[in-house]
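The values are calculated or read from the model by the stated rules, or taken from the named source; none is laboratory data. Note that the structure is predicted; figures quoted are calculated from it, not measured. With ideal geometry, Cβ positions are generated from the backbone for all residues, glycine too; neighbour counts draw on all protein chains shown. Side chains included, ligands, DNA and RNA excluded: accessible areas come from the protein's heavy atoms. Shrake-Rupley method; radii C 1.70, N 1.55, O 1.52, S 1.80 Å.
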Amino acid sequence: MKIKKKVISVLSLSILCMLMAVFCPKISAVKAEGKESAEPVKLRFIFYGDLTSRSEEFFRKDFHDIVLDELNIDLSVEVLPWGSEDKLATMLASGERLACFSIIPGSTWPAKGYLAKLDEEMIRQLCPDYIKMRDKNGFECAKYEGDIYAIPFGNKPYGGRFQSFASRNDIIKSVGYNADDIKTYDELMEMLAAVHEKYPDMRIISKPVFLQNQLAPYLTDQVYTTGDGPKFAYVDSNEEGDKVYSNFESESFKNVCKVAAEWVELGYINMDELTNPTQGEAEWNAGNCLLYHGHPATNINTGLKNAVPGAEERRITLDGTTKLITQNFDWSVSISAADADHVEQWLTLFNWMYKNSDNYNLTVNGIEGTDWTRRDDGSIERLNTDTFFPGWFMEAIEYNTYDPSIPEEETKAYEHWDDDAVLAKDLGFSFDTSSVTSEIALMTAVYNEKLKPMQLGLLDFDENYEQAIEELKDAGLDKYMEEYQRQFSEWYAKQQ
Amino acid sequence: MKEKSLKQKMFYVMCGIGFIVLTMMSLIVLVFLWHQMDKETRTLARVSLSNTDVVFQEYITQAKNMGNSWYGSSDGVQSRIDAEYKFPEHMAFVNQMREEISHVPYIQSVYLMDSGPKCRFSVGNGYSYTRPLEEELMKRIRNEEMVNGYFIWSVENYLTSPEELPLMSLYCQEVSPQSDNYTGTLIINLDLRRMSRRLFSGTLPMNVEMYILNENGMVMLSSVEADCGRSWRNEEFVRRILEDGKTEFSERKDRHTYDYIVLDSSQSDVYLVAKLIRPQFVGNLGGLLVILLFIWLTLAFLIVFMTFRASDHLYRPLAQVISEIRQGSEETKNAEGKDIRFLKNAYQNLSTYITTLENKTEADEFVKNLVTGNKEGKPQEILLKNHTVFGGVGYYLILVSLSGDGDLQNADMHMFEARRNMVGQLLSAGLDVFGQCTIFELGIRRLLLVISETKDTKIDEEQLLEELNVIHTTAEQAGNSSIYILISQKIPDGNISCLLPYHIIDDGLKIQRFLPESRVVQRLTDVVMIYPEDMEEKILTCLKQKDYDAYLDAVRCFLIRSQYCIYGTFIFWLARLSENIMRLNQILSLTGTKGKKIEDYICDQLEQLADYQDLKQWFTTLYQQVTIQLFTVSGHSNAAIMEKVVDDVSNNYSDDGMNITSLAEKYNISAAYFGKLFREFTGESLNTYIMRTRMEKAGDILVEFPEKEIAQIGQMVGIANPSYFGILFKKYYGVSPSKYRDYKKTQKSEEK
């Protein structure tokens, strides 16, 4: 009798299982359908840099799923190599729906109608957490003709960017010097000679394009900075008035070309700075480079130490350098005009990224346990070197945690870095290039073919300078300078 | 345990079988679907491989075209040949190359060598970084004899140090570096991981991996990026592809089954391989299915076995019944093992038997009521019901009786039965043409045939009689014994009772036995006969004249003339004749009347006579008495003989040959007279006496020897045939021997 009962129960159980197997997928399908009533909004974000397989996976799966779940946004993230502005411009021009890195001052994109106009009131309503982080810096840097075209990211010290060297102090120490003690050009050259002699295979400098800023006290009395692109016009923050100067005709440029040529002669500058300009940065990151461009966080940066055991990153600033604040954000993000109907979702997303430290950590450091863990003191320890949304881009002081190995005085110094900095005279000025677009294109070609090789010491200055300036003028330098002067004077007058 | 009903048992069996069938079908469907899925996956993989091949070619072609165009451009030529060439002076060319490769992320770098060969410059695209490669490249180029070609190698990757960066270096040159006319080489380094990512990313399911291998077993591209640039020459599956040229095969390794599908690329010496990964349990699905199948076959066997047991249980009583029937059946041997056929036959026999029995019962009922005259309407009712006769049309009764003379003298019951049946068959065969013919058995010797007209047929009486005569003659000749056939007058309607006509012909039959010869006689209801006084006178005359032969002739004529009157009258007439004969010589007082009137006495005497021979003897005796004043019967001496006979019977009842003839012979007295004497002495006929003695003895033995079988007891009392014994016994006691024994047994135990 018992056996019979068992047989019957086993039979019923099997039948039940079959029924479950047949009907359950349908039930779960129904549940899933019920949950998401509205269709997720598809958004496409493009920034510069490179993706590793982990960071690709993070954007494709982890981050995507969380954002989809919490904001009902189906976000795809793509990365273009640095310097892909032209490609991005083509995408914007062809009406693709996306949001991307942008620098509004000096950009032609707002004028061409590539970008969606943003309402400040809307930003304040939708992005309270972002605004809290942004605080006093405001949106001047993201405006074109009084309208906001971008959301500036980052809130941290910006003074003296590209005006100092970041150096491998462990290497310097190994040849008997100390980065902190190097204050003059001669001391610098002495140290470089010693290093080059001891480590002939080591690259001396990455991104020598910033030498004009880094060696400024040695090159000129004027105070201004240049970027890694062509800078045709500048204003001297050291003097009163609205006078605009031509950079490539300046003493500073001429001197840096000569210095660079000397460095090339000494074997300090590599040829690939022209053909593969980011190679140097890679070598710095790989521990095979002595100097890199410095920034406010150089002395507290532990990234290199993590990648290259024993590496000590230390700033070298020549005496007489004026710490200049030329911008109060890193990069901003613009929304393409074609995607204007998704501005609300984009702003919601940006606010969500800064909503709390959890979201911020996810955005910058990835998944806890997989990409990072928290140390006992609450600071974050990365478990891999993959980058997600870059920390320098996102950085907000209030969410910062520091490696416990960094002395407190260094972190304090970092947070108060801007205290003794000087605001650039043209901070907040945005040059409307629409009237000189073709001139800029022609001048840029001259820069890339002649001036940049000269600036890096790779093209003979004496032989080529006059001709290059002539070509520059032929390309429309005078018109450009005139226009720049006019606009700046106008702006400057307004500021007064 | 409670006994399950047949329905429940069948339910369990059907459930079991249904479950097995369902499961087997599910398994078959599962296997089918799995097979289809596998087939589709392979097809998909093949298509995917073809697509990948096309795209891969496109990538390579694009890179080659770029290289060729740079190499052959004026800047390209100048940069290689001009000893004074400095690339910063030709930045337009460099920038153009940079711009072009920036759109092709898998191009890691481009190196331009002069005839040195020495690197003029290299262009990178900023996606991946390595240490400077020019020295290594120059070394490798020196060994390359081809104008266009590639090699795969790995270099240290700065970005994700210490990982190796697998590169595929495509080179183009006008002539080999060994040649004197060597003018330099352009090398495009393809980042295989990035190319793989672009080629495979997001297009492959989780369980599929794809590789592109070259003829040296190097992994050019792989959906698993880490595998790019590895040499798999020693891998088993690569060996099978390269050496055996297999295009589709499976491999089991590390708890997985791998199905490989290989496509020969349209590029020479390049193989595209799709690897379908199945976990072992899926890989072993075949084995799993075999195990499942085995389990289910075992279960199926068990259930079938149980079903057999159940059916055995179910059919055991039936089988027992069948074997019991077989034991009592002659068909046992013929229908061995074929229960159903056997049962069918048995059933048919049984039903035939029952029908016969029913008919017989009805016939018996008819005969009983006909003979006794009880329930006057019953016989007719049965005839009508069985469609023996029909209302509105006439019918005849034909009574047939076998005489015990000729061959049938001393015949046993079976012989009479056989003869009776033979006559019955003759009659029904001969008379069937006249109408509806039905035969009833009235006894061992007698048959009653009812022949009825139907609505369509009328019976021609003359022809019928003629036919009857023919049959009579035939039957008598065939049997060599006398047969009496009496036919009634036509009864005009089936509704008219047959009782009266039957009694008339039955009456006639009694007369017939006294007639000198048998023949077909029709007895009519309203025959008025006058006593043949003329014949009496002639007999008396013959007597007086002492002419014995004439006397016998006259008696014969008297009998024939008297035959159509009723039996009572016939006997009375015979008595009257006898009396008148006796009176001739006043012999009446001598014979003794036992107080009866003389006519009645003579009638009694006459009725004791069996047949014509007895009657002839009677009249001969009368003749003798009258004519020669024969002896007077001495009661004393005859009584002594009869006492002996009684003793004889009591002692020899077991002798089955004992009858009136044998006893009469033993005592040297004629059988007829012997019978007469015995009857006078004992008051009953010798046959009856013998029978009574035998039956009483049989009754005693039955009770005394309960272990003895009925047939045995029959033999013990001189009746060898058990059936005949049963019939006689029942006739005497009113019950069958076995019932008699049971009854006595019960009676005894009750007395106790």
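Listing for the model above:
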quantity	calculated
Subset of segment A:264-293 [closer than 18 Å to A:Thr385 by Cα and of a type in the set (Gly, Ala, Ser)]	A:Ala282, A:Ala286, A:Gly287
Cβ pairs under 8 Å, 6+ apart, first in segment B:590-609 and under 22 Å from B:Lys510 (Cα atoms), second among the basic types (Lys, Arg) and modelled with pLDDT of 60 or more	B:Glu599/B:Arg576; B:Gln605/B:Lys676; B:Gln608/B:Lys676; B:Gln608/B:Arg679
Total residues in segment B:439-453, condition modelled with pLDDT under 80 and in contact with a Leu (Cβ under 7 Å, 6 or more places away or on another chain)	0
Residue, nearest to A:Gly159 (Cα to Cα), within segment A:285-313, restricted to residues that are at the interface with another protein chain (Cβ under 9 Å from one of its Cβ atoms) and part of a helix (DSSP H, G or I)	A:Asn285
Matching residues, segment A:475-496, being of a type in the set (D, E, K, R) and without any contact (Cβ under 8 Å) to a residue 24 or more places away in the chain	A:Asp478, A:Glu482, A:Arg486, A:Glu490, A:Lys494
Members of segment B:386-440 that are without any contact (Cβ under 8 Å) to a residue 60 or more places away in the chain and among the charged types (D, E, K, R)	B:Glu417, B:Arg420, B:Asp432
Of all residues in segment A:43-63 being away from chain B (no Cβ under 11 Å) and open to solvent by 30 Å² or more (accessible area, probe 1.4 Å), the one that is nearest to A:Val333 (Cα to Cα)	A:Arg44
Candidates A:Thr326, A:Thr363 - the one that is open to solvent by 40 Å² or more (accessible area, probe 1.4 Å), out of contact with any Gly (no Cβ under 8 Å at 6 or more places or on another chain) and of a type in the set (Ser, Thr, Tyr)	A:Thr326
Strands (runs of 3 or more DSSP E) contained in segment B:434-501 and holding at least 2 residues within 50 Å of the chain's Cα centre (by Cα)	B:436-441, B:446-452
Matching residues in segment A:409-448 - criterion: being open to solvent by less than 30 Å² (accessible area, probe 1.4 Å) and within 14 Å of chain B (Cβ to nearest Cβ)	A:Val446, A:Tyr447
Any pair with Cβ under 6 angstrom, 6 or more apart, that starts in segment B:336-350 at a residue that is among the charged types (D, E, K, R) and modelled with pLDDT under 75 and ends at one that is assigned to a helix (DSSP H, G or I) and open to solvent by less than 100 Å² (accessible area, probe 1.4 Å)	B:Asp339/B:Ile322
Options B:Val110, B:Val208: the member that is closer than 20 Å to B:Val270 by Cβ and either in contact (Cβ under 8 Å) with a residue 12 or more places away in the chain or of a type outside the set (A, V, I, L, M, F, W, C) (or both)	B:Val208
Enumeration of residues in segment B:481-522 that are of a type in the set (Lys, Arg) and in contact with a His (Cβ under 9 Å, 6 or more places away or on another chain)	B:Arg519
Among residues of segment B:360-389, those that are in a helix (DSSP H, G or I) and among the hydroxyl-bearing types (Ser, Thr, Tyr), counted	2
Residues (under 20 Å from A:Thr225 (Cα atoms) and part of a loop (DSSP other than H, G, I, E, B)) located in segment A:127-171	A:Lys156, A:Pro157, A:Tyr158, A:Gly159, A:Gly160, A:Arg161, A:Phe162, A:Gln163, A:Ser164
Candidates B:Ser518, B:Ser497 - the one that is among the small types (Gly, Ala, Ser) and crowded, with 19+ Cβ neighbours inside 10 Å	B:Ser518
Selection within segment A:66-115 - assigned to a helix (DSSP H, G or I), within 14 Å of another protein chain (Cβ to nearest Cβ), open to solvent by 20 Å² or more (accessible area, probe 1.4 Å) and closer than 18 Å to A:Asp330 by Cβ	A:Glu85
In segment A:449-464, residue nearest to the other protein chains (Cβ to nearest Cβ) [restricted to those that are surrounded by fewer than 21 Cβ atoms within 10 Å (Cβ to Cβ) and touching a residue at least 24 places away in the same chain (Cβ under 8 Å)]	A:Asp460
Helices (runs of 4 or more DSSP H) contained entirely in segment A:341-443, each with at least 2 residues that are over 29 Å from A:Gln163 (Cβ atoms)	A:343-353, A:357-365
Condition check for A:Val259: among the aliphatic types (A, V, I, L, M), away from chain B (no Cβ under 14 Å) and either within 25 Å of A:Lys323 (Cα to Cα) or touching a residue at least 24 places away in the same chain (Cβ under 8 Å) (or both)	yes
Qualifying strands (runs of 3 or more DSSP E) (wholly inside segment B:56-158; at least 3 residues being at the interface with another protein chain (Cβ under 8 Å from one of its Cβ atoms) and open to solvent by 20 Å² or more (accessible area, probe 1.4 Å))	none
